[in-house]
Amino acid sequence: REAYAMNFGFSNLLGSPYRGGNVCFDGEGSETCLYVGVGNRIARTNLATTVTNVLKFESQSDVDRIAIRPDGRVLAIVDKLGRLALLNTSQNVVLHRMTLRQHCGCLQYSPCGRYLGAGGGRGLQ
């Protein structure tokens, strides 16, 4: 009998970027992680060990934009309805929630990690 190679991949890993979402990288070397929105959840993949786990956080609609602070401790998540949530990545705890005034076209932390900018239309929130 021949042995068949079973080479299956996680097909929904890049679900959100196919619909216009984004991905975030965190860490360096063997601790590099990839964060991606998959439906209304966030998947974290360790790129060195290729282990994927889904965070406990669940938004009310599909995830639209994500951004991670440079130190990797806080993840900002905006869903399709404009609801922003700040999530502690080590403890999977929601730190704060708010609703944005406009559709969020981009989301980015400042290099120092102190400020978070959400761009919508011609404005910055």
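None of the figures in this text is laboratory data; all of them are computed from the coordinates on show. Quantities reported herein were computed from a predicted structural model and do not represent experimental measurements. Glycine also receives a Cβ, built like all others from the backbone with ideal geometry; neighbour counts cover every protein chain displayed.
A few notes on this one:
- Among residues other than Gly121 with Cβ under 15 Å from its Cβ, the summed charge is +2 (Lys and Arg +1, Asp and Glu -1).
- Of Asn88, Thr99, Tyr115, farthest towards positive along the dipole that unit charges on Lys, Arg, Asp, Glu beta carbons give the range 71-125: Thr99
- Over the range 14-125, the alpha carbon radius of gyration divided by the compact-protein estimate 2.2 N^0.38 Å works out to 1.00.
- For trypsin sites (Lys or Arg not before Pro), the sites in the range 20-125 that DSSP calls loop and that have at most 10 other Cβ atoms within 10 Å are Arg114, Arg122.
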